[in-house]
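I have placed the structure first, in the form of structure tokens, so that the comments after it can refer back to it.
The values are calculated or read from the model by the stated rules, or taken from the named source; none is laboratory data. Nothing here was measured: the structure is a model prediction, and the numbers come from that model. So basically every Cβ, Gly included, is an ideal-geometry build from the backbone, and we count neighbours across all protein chains shown. Quick note on the areas: whole protein, heavy atoms, side chains included, nothing else; ligands and nucleic acids left out. Shrake-Rupley method; radii C 1.70, N 1.55, O 1.52, S 1.80 Å.
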Amino acid sequence: MTSTLESASQETPQVRSRPLTAALILIGGLAALAFGLALSISVGAADIKLSTVWEAVFHFNGDLTQHQVIRELRMPRAIAGALVGAAFATAGAIMQGMTRNPLGDPSLLGINAGAGFALAICFAFLPGLPFGQVTLISFLGAALGTVLVYGIGSAGRGGLTPVRLALAGAAISMLLVALSEAISIHFRIGQELVFWYAGGVAGIKWSQVAVMAPWIGAGLIGAMLMSRSITLLSLGDEVASGLGLRIGLAKLFGSVLVLVLAGASVAAVGGISFVGLIVPHIARSLVGASYRWIIPCSAVLGGLLLVFADIGARMIHRGFETPVGALIAVIGVPFFLYLIRRMRRETV
């Protein structure tokens, strides 16, 4: 890993970037995220004043019911949404840069489905495991999905193309989801898997945040350190190799980061799709092609997207929980079709 980072720090080709725009996005995005977290804590089945939220955070009184609701229910939910949104978006940015595939996203390339399959096995055969061990099993499932998708996508003539990778991802995802459903029916664990299929941050506890936060934090830091290497890989393997980058090691480390970020997120909130597809494209269009800026901006924008999507999901039908994964899919599916159409135009 050290040699990879050292080689990535060598002089790189001129890559179009907008550092001033990136700085504005980071500063403005973090401010908006802080406001979004406060708003997320205040809205729900019963709205709570922002002044009460401030008091509960900085002057907690355990005798007040609203303070308990804020501390034990809404704060972990809001923080988990920001962490998971940042993780999914960063994982998508790494995948798109590393594979030069505009369709790179954990949900489209079998990672989410693999993690869900592992969780189904865990619920059926190893019930009652601590959340930390469940997270590790989720990592293994994500790795299984990745290996299957890349193995099948690389088979045959022409090698691994973006369209072939997307088709292999769709096929493997459907297979793993079908196997997960079969396990849930046979072992009667459908109720446990319903949460994963819907995807959402409702019911997140501090204990889960405590387990996933170090994994996601380490993954985000690793992604920042790998940003120069990802930029080189996005220019093509020949260019990256000519600049001294150890391609195999860089891709291995990048894949591990994706598995850590996606695996920890799926274990906590389920299979929320399209965050890793949409956000990196938005960040790239705003800040240019340098992953030194794409990755941190994707993290901030991904956290913003999921926090405000969760707020919107609660506002659609007050008193009931609309799955946030369904709300994001309403945006993600048209965006996915747009990308497919654009790719077809470019190949004609």
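Exactly which chymotrypsin sites (Phe, Trp or Tyr not before Pro) in region 52-82 are in a DSSP loop and have at most 13 other Cβ atoms within 10 Å?
On the way: sites: 54, 58, 60; in loops: 60.
Loop-located and lightly packed - 60.
A full extension of the chain between residue 175 and residue 51 corresponds to an added length of 39.7 nm, given 0.36 nm per residue minus the alpha carbon distance.
Once you have the Kirkwood Rh of the chain from its Cα pairs, apply Stokes-Einstein at 4 °C and 1.567 mPa s and quote D in µm²/s. All intermediate terms of the calculation are to be shown ahead of the outcome.
Values: Rh = 20.6 Å.
Translational diffusion coefficient: 63 µm²/s.
Applied to region 247-255, the Karplus parametrisation 6.51 cos²θ - 1.76 cosθ + 1.60 on θ = phi - 60° returns per-residue 3J(HN,Hα) values of 4, x, 5, 5, 5, 5, 5, x, 5 Hz, with x for Gly and Pro. Full extension of the segment from residue 333 to residue 225, taken as 0.36 nm per residue of separation minus the current Cα-Cα distance, would add 35.7 nm.
Relative to the compact-globule estimate of 2.2 N^0.38 Å, the Cα radius of gyration of region 20-114 comes out at 1.42. Element breakdown for the chain at a 1.4 angstrom probe: carbon and sulfur atoms account for 67% of the accessible area. Computed extension gain for residue 133 through residue 60, at 0.36 nm per residue and net of the alpha carbon distance, reaches 23.1 nm. Amide H to amide H distances under 5 Å link residue 17 with 289, where only residues 5 or more positions off or on other chains count and H is placed in the peptide plane. Along each principal axis, taking the top coordinate minus the bottom one, the Cα set of region 239-347 gives 58, 35, 22 Å in descending order.
Quote the relative contact order of the chain in percent (integer), defining contacts as alpha-carbon pairs under 8 Å separated by 6+ residues. Don't skip to the end; give the middle numbers.
Working: 572 pairs, mean separation 112.7, N = 348.
Here the relative contact order equals 32 percent.
What the phi angles of region 179-192 give under the Karplus curve with 6.51, -1.76 and 1.60, with θ = phi - 60°, is a coupling list of 5, 4, 5, 4, 5, 5, 6, 5, 9, 6, 10, x, 5, 5 Hz, glycine and proline written as x.
So what's the angle, to the nearest 10 degrees on a 0 to 90 scale, between helix 75-99 and the longest Cα principal axis of the chain? Roughly 10 degrees between the two axes.
Can you work out the PRE-style zone for residue 341? Point 7 Å along Cα to Cβ, and I want the residues of region 261-284 with backbone N under 16 Å. Taking a point 7 Å out along Cα→Cβ of residue 341, no residue of region 261-284 has its backbone N under 16 Å.
Of the whole protein surface, residue 314 contributes about 20 Å² of accessible area at a 1.4 Å probe radius. With distances taken between every two different alpha-carbon atoms, region 97-180 has a Kirkwood hydrodynamic radius of 13.1 Å. Residues 63, 237, 310, ordered by accessible area of protein heavy atoms at a 1.4 angstrom probe radius and largest first, appear as 63, 237, 310.
Estimated at the nearest 10 Å², the accessible area of residue 321 is 100 Å² with a 1.4 Å probe.
Accessible surface calculations at 1.4 Å, restricted to protein heavy atoms, place region 33-128 at 38 Å² per residue.
Roughly how many Å² is the accessible area per residue of region 213-348, as a whole number, for a 1.4 Å probe? All intermediate terms of the calculation are to be shown ahead of the outcome.
Numbers: 5660 Å² over 136 residues.
Value for region 213-348: 42 Å² per residue.
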